[in-house]
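Below is one structure, written out as structure tokens; comments come after it.
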Amino acid sequence: MDPTQRKELPLFPIGIVQKLTGLSARQIRYYEQHGLVHPARSEGKQRLFSFADVERLMEVRRLLDEGLNMSGVKERLSREGKLPAASGSDENASELSDEVLLRHLQQELLEGGASLLQGELSRFYRRRT
């Protein structure tokens, strides 16, 4: 296993991440909603963060302390190539447009694999009916 893969291993529950970063659980979940981190989930749906996630959260905190707003933080991290991809995708799954969602679903249907966007499928059909 190379060092990059080790850095991406989901190891830390949110309580440990709170101690490492000085952020509250609510702040960490808020940053996750904004697509700044994408922790893995255990079978029990517990968030598990990697070293890379912890470093990114510390960078977010530093940027906010410097006076940037959330939009500025996203722009800066994006420009520096530090924003993570959501579930192997470049778009944040909670902010997918209908067109992007449809394209993902079509691709997954053609490939015959299990859908990474199963929860999004119901959202798409609710909007259409």
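The values are calculated or read from the model by the stated rules, or taken from the named source; none is laboratory data. Note that the coordinates shown come from a computational prediction; the quantities given were computed from them, not determined experimentally. For neighbour counting, all protein chains shown are included, and Cβ atoms are generated from backbone atoms with ideal geometry for every residue, glycine included.
Among the numbered conditions (1) modelled with pLDDT of 90 or more; (2) of a type in the set (A, V, I, L, M, F, W, C); (3) closer than 20 Å to L9 by Cα, tell me where A86 comes up short.
(1)
With respect to L116, is the statement that it is surrounded by 14 or more Cβ atoms within 10 Å (Cβ to Cβ), at pLDDT 85 or above and more than 25 Å from P3 (Cα to Cα) true?
No, not satisfied.
Here is a check on your reading of the model: is G35 surrounded by 14 or more Cβ atoms within 10 Å (Cβ to Cβ), of a type outside the set (F, W, Y) and at positive phi?
yes
Find all pairs meeting these conditions: Cβ atoms under 8 angstrom apart; at least six residues apart or on different chains; first residue within region 28-57 and touching a residue at least 60 places away in the same chain (Cβ under 8 Å); second residue in a helix (DSSP H, G or I) and surrounded by fewer than 15 Cβ atoms within 10 Å (Cβ to Cβ).
Close Cβ pairs satisfying both conditions: Q33/S94; G35/S94; G35/E95.
Confirm whether R79 is on the phi < 0 side of the Ramachandran plot, assigned by TED's automatic domain parsing to the domain that holds G15, basic (K, R) and at pLDDT 90 or above.
no
Kindly establish whether G44 is touching a strand residue (DSSP E or B) at 6+ places or on another chain (Cβ under 8 Å), at pLDDT below 95 and not in a helix (DSSP H, G or I).
no
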